[in-house]
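A short worksheet on the structure shown next.
The values are calculated or read from the model by the stated rules, or taken from the named source; none is laboratory data. Only a predicted model underlies this, so the values are computations on that prediction, with no experimental measurement involved. All Cβ positions, glycine included, derive from the backbone under ideal geometry; neighbour counts span all protein chains shown.
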Amino acid sequence: MSQANLAVDPHLGTMETKPFAIPSSKLVMWLFIISDAVTFGALLFAYGYLRNASPDWPTPFESASIWNSLLMTFILVTSSLTVLIALKAEQEDDRARAFRWVIVTAALGVLFTALHLREWMDLIGKGVRTFQNPWGSPMFGATFFAITGLHMAHVVGGVVALIATGLIYKAGRYSAKHIEILALYWHFVDLVWMFVVPLVYLMNMKR
Amino acid sequence: MNAAEKSNGMAPTYIVYVVILAMAFFQVLFAILAGPRLVPMLILAFVQASLAVNYFMHLKQERPSLFLALIPYTLFVLFMMNMIWSDSFRLLHMRSLAK
């Protein structure tokens, strides 16, 4: 540590180097993601516990719901791609293009939520409630709405964050770092959905 | 330099995007044709997730210490949750806890 550096920042000598060579805000997002992964994991395990213990667990999802879940997967994975395109545009110093792709990502999130709500309305129309349904174990509705509801809340929260961050970024007060950290969150939402589809939709497919 | 800046273009990202979508399609097709099978579908989901973590979230391009600080412990916690199954099967057969 040179005397010149210490003269610039007197705390420099006492600061530790970053252990993972990433900004603290990015590390915090990673820590949030792993804690959230465990939350979703606990919910999915609780669902598995109840499903396994209930001999009359309903399997209500017809092929229309299954194809709808595949369409939702396509939208969410595509939104992961568009947020990466936004990040690439930012690295090329094209703020306008980066902002456009962030908004495209948010629009895909809105479309995903709309399809999900349509699925919810369809099930509610068939008589599914949190603690009752016409087919079997009353816990089906509780687990389905809890898991997909928490996921949908993450998507809605992500859409709000994307729009807010995009606008602040467009105004020049945020940098690529902020978009990258938000992109991490958005990819995580995508990642959770990869487990929700087989466990909640495909395992409860009508046979 | 951050992880995204280290990436060499978007080509690997597009490939991973197509592979993840193809796996999702195969998963649904498999479930429709052969019926839902938990283990193969979970394996596919884990492969999809690892691709997303490594290529979309760029964990592959970060220091290995970040991977070691995050992933093994998360997997360990999720693995330990498997202790619930014995009670789930007991509940299925309504056996008393006391013998």
Output the number of residues of the range A:126-157 satisfying the condition of being among the β-branched types (V, I, T) and part of a strand (DSSP E or B).
0
Inspect the range A:123-132 for any residue being more than 22 Å from A:A46 (Cα to Cα), charged (D, E, K, R) and surrounded by 14 or more Cβ atoms within 10 Å (Cβ to Cβ) and give the result as yes or no.
no
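Considering only residues of the range A:184-198 that are within 8 Å of another protein chain (Cβ to nearest Cβ) and not β-branched (V, I, T), which is farthest from the chain's Cα centre (by Cα)? Walk me through how you get there before you give the answer.
Quick first cut of the range A:184-198, residues within 8 Å of another protein chain (Cβ to nearest Cβ) only: A:184, A:187-188, A:190-191, A:194-195, A:197-198.
Subset that is not β-branched (V, I, T): A:184, A:187-188, A:190-191, A:194-195, A:198.
On the way: A:L184: 9, A:H187: 6, A:F188: 5, A:D190: 5, A:L191: 7, A:M194: 10, A:F195: 12, A:P198: 16 Å.
Among those residues, the one meeting the criterion is A:P198.
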Among (1) part of a loop (DSSP other than H, G, I, E, B); (2) touching a helix residue (DSSP H, G or I) at 6+ places or on another chain (Cβ under 7 Å), A:M15 falls short only on (2)
Restricting to the range A:121-166, name every residue that is closer than 30 Å to A:R95 by Cβ and in contact with a helix residue (DSSP H, G or I) (Cβ under 8 Å, 6 or more places away or on another chain).
A:H154, A:V155, A:V156, A:G158, A:V159, A:A161, A:L162, A:I163, A:T165, A:G166
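Among the residues of the range A:83-97 satisfying the criterion of being over 18 Å from the mean Cα position of the chain (by Cα) and facing another protein chain (nearest Cβ under 7 Å), which is farthest from A:V110 (Cα to Cα)?
First, pick out the residues of the range A:83-97 that are over 18 Å from the mean Cα position of the chain (by Cα): A:88-97.
Okay, now just the ones that are also facing another protein chain (nearest Cβ under 7 Å), so A:88, A:91.
Values: A:K88: 23, A:Q91: 26 Å.
Of everything passing the filter in the range A:83-97, A:Q91 is farthest from A:V110 (Cα to Cα).
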Does the range A:173-183 contain any residue that is among the hydroxyl-bearing types (S, T, Y) and more than 9 Å from chain B (Cβ to nearest Cβ)?
yes
Selected residue (only one of A:S63, A:S80, A:S69 is small (G, A, S), in contact with a His (Cβ under 6 Å, 6 or more places away or on another chain) and facing chain B (nearest Cβ under 10 Å)):
A:S80
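Would you tally the residues in the range A:51-106 being acidic (D, E) and assigned to a helix (DSSP H, G or I)?
Kept after step one, since they are acidic (D, E), are these residues of the range A:51-106: A:56, A:62, A:90, A:92-94.
Imposing the further condition that a residue be assigned to a helix (DSSP H, G or I) reduces the set to A:90.
Result for the range A:51-106: 1.
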Checking B:I20 against (1) touching a Phe, Trp or Tyr at 6+ places or on another chain (Cβ under 9 Å); (2) aliphatic (A, V, I, L, M); (3) over 30 Å from A:N52 (Cα atoms), which single condition isn't satisfied?
(3)
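Looking at B:Q27, B:Q61, which one is within 22 Å of A:I85 (Cα to Cα) and in contact with a helix residue (DSSP H, G or I) (Cβ under 8 Å, 6 or more places away or on another chain)? Spell out the reasoning first.
Values: B:Q27 fails: within 22 Å of A:I85 (Cα to Cα).
The conditions single out B:Q61.
Restricting to the range A:57-78, name every residue that is aliphatic (A, V, I, L, M) and under 30 Å from B:L92 (Cα atoms).
Within the range A:57-78, the subset aliphatic (A, V, I, L, M) is A:64, A:66, A:70-72, A:75-77.
Answer for the range A:57-78, where residues must be aliphatic (A, V, I, L, M) and under 30 Å from B:L92 (Cα atoms): just A:I66.
Out of A:H187, A:H154, which single residue is crowded, with 21+ Cβ neighbours inside 10 Å, modelled with pLDDT of 95 or more and not small (G, A, S)?
Values: A:H154 fails: crowded, with 21+ Cβ neighbours inside 10 Å.
Among A:H187, A:H154, only A:H187 is crowded, with 21+ Cβ neighbours inside 10 Å, modelled with pLDDT of 95 or more and not small (G, A, S).
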